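Read through the structure below, which is laid out as structure tokens, and then see the notes.
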Amino acid sequence: MLRALAVDDERPSLEELLYLLSADPRIGSVEGAGDATEALRRINRALESGPGGPEAIDVVFLDINMPGLDGLDLARLLTGFATPPLVVFVTAHEGFAVQAFDLKAVDYVLKPVRKERLAEAVRRAAERLGSAPRIPVHEPDPDHIPVELGGVTRFVAVDDITHVEAQGDYARLHTDKGSHLVRIPLSTLEERWRFRGFVRIHRRHLVALRHVGELRLDAGTVSVVVGGEELQVSRRHTRELRDLLMRRP
């Protein structure tokens, strides 16, 4: 049973988060804090109490945009502790996901919070703490990949993706209509989409061969134009890419 702390400066959002967390059977107890400073004081008491003490906190569900000390500031402070609680960010802002990963966040949940999405974040926290068995996940739709935007899940067709950019444990999917951040490492997508015509050209980039418009060679530097963007090809991937492009129907 997880002991949780929810932090949000907007009272309605905090009450909703407390309600959803208290309804999850994996949450043993949950408290609320109206700002990061109050949360820090509560976490300090938890750390003084010890992991088995009555004040202990296992996971913090943390808003980002708060007056004074914001959620990212608090998460940075927690990295300095020997045994900090886990952090799940719950925010209306998509743009801080990379910073969240750098701070070792367990998950990044977008507002408005959906019950099913929050339950997934709780599952990940429980697994990280070793307090819940891993639940088998259904095989994903091979032709689409789910992305979240503003609390809404959309399904992007894999064939529409021109290239993928690594951002830590996240990947940014690029299409002609925009880009989407997903919590999947580039190496996982490389393996999953190998037989769909995606190939690694750099440690940071995976491209769809069908969308490669040009292969350029300039003073020994190789690059490709894909989706209207020029991407550098690393030396170790150059020969494989040229062979694949030459064999492309």
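In table form, for the structure just shown:
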{"quantity": "Matching entry among ARG210, ARG200 (being open to solvent by 30 Å² or more (accessible area, probe 1.4 Å), touching a helix residue (DSSP H, G or I) at 6+ places or on another chain (Cβ under 8 Å) and within 30 Å of VAL109 (Cα to Cα))", "calculated": "ARG200"}
{"quantity": "Residue within segment 101-108 that is modelled with pLDDT under 95, in a helix (DSSP H, G or I), of a type outside the set (D, E, K, R) and open to solvent by less than 50 Å² (accessible area, probe 1.4 Å) present", "calculated": "yes"}
{"quantity": "Matching strands (runs of 3 or more DSSP E) fully within segment 112-168 where at least 3 residues are modelled with pLDDT of 90 or more and open to solvent by less than 20 Å² (accessible area, probe 1.4 Å)", "calculated": "161-167"}
{"quantity": "Leading residue by the ranking (surrounded by the most Cβ atoms within 10 Å (Cβ to Cβ)) among those in segment 43-69 that are under 19 Å from the mean Cα position of the chain (by Cα) and part of a loop (DSSP other than H, G, I, E, B)", "calculated": "ASP63"}
{"quantity": "Residue match in segment 172-183 (condition: under 14 Å from the mean Cα position of the chain (by Cα) and of a type in the set (Ser, Thr, Tyr))", "calculated": "no"}
{"quantity": "Selection from segment 169-186 of residues that are in contact with an Asp or Glu (Cβ under 9 Å, 6 or more places away or on another chain) and open to solvent by 20 Å² or more (accessible area, probe 1.4 Å)", "calculated": "ARG172, HIS174, THR175, ASP176, LYS177, SER179, HIS180, LEU181, ARG183, ILE184, PRO185"}
{"quantity": "Pair list, Cβ < 9 Å and 6+ apart or interchain, from segment 174-195 residues that are over 19 Å from LEU110 (Cβ atoms) to residues that are basic (Lys, Arg) and open to solvent by 80 Å² or more (accessible area, probe 1.4 Å)", "calculated": "LEU186/ARG203; LEU186/ARG204"}
{"quantity": "Segment 1-42, subset of a type in the set (A, V, I, L, M, F, W, C) and open to solvent by 20 Å² or more (accessible area, probe 1.4 Å), residue nearest to ALA125 (Cα to Cα)", "calculated": "MET1"}
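The values are calculated or read from the model by the stated rules, or taken from the named source; none is laboratory data. Remember, it's a predicted structure, so these values are computed and weren't measured experimentally. Counting neighbours? That spans all protein chains shown, and the Cβs are built from the backbone with ideal geometry, glycine included. All accessible areas refer to the heavy atoms of the entire protein, side chains included, with ligands and DNA or RNA removed. Shrake-Rupley method; radii C 1.70, N 1.55, O 1.52, S 1.80 Å.
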